[in-house]
Amino acid sequence: MRKAIKIPRILKINWIKGITISVVFNNGESRIIDFQKVFKGIELQKESPAWKLNNPKEFEKVSIDNNTLSWTNVNQYIKKIDGSKKKVPFEIGADVLLKYSTAEKSELMLEIGKLIKESRLKSGLTQQELAIKSGTTRTYISRIENERSDIELGTLKKIIETGLGKKMDILIK
């Protein structure tokens, strides 16, 4: 049996500020990509049509195509076999973007992860035991406790109520 290859994919754009963007990867992480670092890392030249993406107004025209970031406003062409040219969007592979990204810290996720860890330890449970009780995986519990993954409300409820045996209340102020 072949081993599954995990290829990074971008699923969603959270926000754009200047030429910095927050995205959600297929591993569930929200990550921030500073394109000043990306452009430096890929040695983007001033002569490149993509240089215009240093302008925030041009940069914000980004979309997701083929599970990576794509800019159709960059006039980039490839030469076809018959010698004609075809316009293609400027894209950088999601694997490269993941390499240049950093985890996005969320105060709420930090608080939730901390609360779960404290409750788990008070209950005398290991991450594995909590995972089994709540129907998740030890890796997922670890990622939540260490603020490395977003969590859906239903899963949070399952971990708290089924796994930890606590009651969950939500308050919106």
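Numbers for the structure displayed
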| item | result |
| --- | --- |
| Qualifying residue in the range 122-141 (condition: touching an Asp or Glu at 6+ places or on another chain (Cβ under 8 Å), surrounded by 15 or more Cβ atoms within 10 Å (Cβ to Cβ) and over 20 Å from LYS12 (Cβ atoms)) | yes |
| Residue in the range 97-113 that is surrounded by the most Cβ atoms within 10 Å (Cβ to Cβ), counting only those that are touching a residue at least 24 places away in the same chain (Cβ under 8 Å) and over 30 Å from PRO49 (Cβ atoms) | GLY113 |
| Strands (runs of 3 or more DSSP E) wholly inside the range 27-96 containing at least 1 residues that are modelled with pLDDT under 95 and surrounded by fewer than 13 Cβ atoms within 10 Å (Cβ to Cβ) | 68-79, 85-91 |
| Scan of the range 49-74 for residues that are out of contact with any Gly (no Cβ under 7 Å at 6 or more places or on another chain), polar (S, T, N, Q) and closer than 20 Å to ALA94 by Cα, ordered by number | ASN54, SER63, ASN66, ASN67, SER70, THR72, ASN73 |
| The one condition in (1) crowded, with 17+ Cβ neighbours inside 10 Å; (2) more than 23 Å from the chain's Cα centre (by Cα); (3) part of a loop (DSSP other than H, G, I, E, B) that PRO8 fails to fulfil | (2) |
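The values are calculated or read from the model by the stated rules, or taken from the named source; none is laboratory data. Computed from a predicted structure; not experimentally measured. Positions of Cβ are generated from backbone atoms using ideal geometry, with glycine treated the same way; all protein chains shown enter the neighbour counts.
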